[in-house]
1. Would you be able to say whether some residue in the range 73-80 is more than 15 Å from the chain's Cα centre (by Cα), modelled with pLDDT of 95 or more, assigned to a helix (DSSP H, G or I) and more than 23 Å from Lys39 (Cβ to Cβ)?
2. Can we say Val78 is under 27 Å from Asn109 (Cα atoms) and either touching a Phe, Trp or Tyr at 6+ places or on another chain (Cβ under 6 Å) or surrounded by fewer than 20 Cβ atoms within 10 Å (Cβ to Cβ) (or both)?
3. Take the range 155-187 and flag every residue that is without any contact (Cβ under 8 Å) to a residue 24 or more places away in the chain and outside any loop (DSSP other than H, G, I, E, B).
4. Quickly run through the range 134-154 and pick out the residues that are in contact with a helix residue (DSSP H, G or I) (Cβ under 9 Å, 6 or more places away or on another chain), over 21 Å from Pro14 (Cα atoms) and not in a strand (DSSP E or B).
5. From the set of residues in the range 82-100 that are in a helix (DSSP H, G or I) and either touching a strand residue (DSSP E or B) at 6+ places or on another chain (Cβ under 7 Å) or surrounded by fewer than 16 Cβ atoms within 10 Å (Cβ to Cβ) (or both), which is modelled with the lowest pLDDT?
6. Step by step: first the residues of the range 141-166, then only those that are surrounded by fewer than 20 Cβ atoms within 10 Å (Cβ to Cβ) and among the polar types (S, T, N, Q), then the one that is nearest to Val28 (Cα to Cα). Which residue is that?
7. Only one of Val144, Val127 is closer than 30 Å to Ile178 by Cβ and either in contact (Cβ under 8 Å) with a residue 40 or more places away in the chain or β-branched (Val, Ile, Thr) (or both); which?
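The values are calculated or read from the model by the stated rules, or taken from the named source; none is laboratory data. All of these numbers come straight from a predicted model, not from anything done at the bench. When we count neighbours, we look across all protein chains shown, and the Cβ atoms used for this are built from the backbone with ideal geometry, even at glycine.
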Amino acid sequence: MQYQIRILSTKKLPEKQKLQLLNADFLVVEDDYISIQNKDFEIGKVNDCLIFTSQNAVESVLEHKKIAGLKSKKCFCVGEKTKALLEENGFEVLEYSDYAAELASVICNQYPKISFTFFCGNIRRDVLPDALRLMEIRLDEIEVYETLLTPQKAGFSVDGILFFSPSGVQSYLQENKIDEENCFCIGNTTAEALKYVTPNRIIANLPTIESVIMKCIEYYRQQND
């Protein structure tokens, strides 16, 4: 009988994505190692354009009573799915990139005279705000959601772990240790959070859940060839 690869996802996967792993004959265990909580926030004066670096920020802003007034503002965002969510809800996306550092570079080089309002979470990274402020580009931040760690003991051994954020790594490590497991990471920052924990870090080609899953499947297929 062939050994079945055991995969732990630190995020509950949509059924279609979970099926990709199951169809590859993996045993899949999943749980949410972080949770997102929208915050009450005030929208006062808003700058020329809006910045979103996650779908979570968009979803929180969409619930605000002043949402209609924001739709006249053009948006800059990180991630194809963030872009799609904005456009589905009537926003115009002027620029988007796969990574915050890339978006910061676009803004600094092409839009240095524009002011921005950044809708973010409580543990947003510094890379984009720091780059804009270094160029003296006006940036106001509004915190619209919180990322809460929900650590739990895995209680079983696995071959691979899927990580989708640095906070997911932090939460997992509060109750578990990593030995020989392969860690499949959604991007460089997530992999960086594992830098001193394990050398077994494999980064997805694109910063999407689908790409993490495909990287995992490809990796074990190559191992079995």
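1. Within the range 73-80, not a single residue is more than 15 Å from the chain's Cα centre (by Cα), modelled with pLDDT of 95 or more, assigned to a helix (DSSP H, G or I) and more than 23 Å from Lys39 (Cβ to Cβ).
2. Here the answer is no, as Val78 does not meet what is asked.
3. Result: Gln170, Cys183.
4. Scanning the range 134-154 gives Leu134, Met135, Ile137, Arg138, Lys153.
5. Ala100
6. Step by step, filter the range 141-166, then rank; the result is Ser157.
7. Val127
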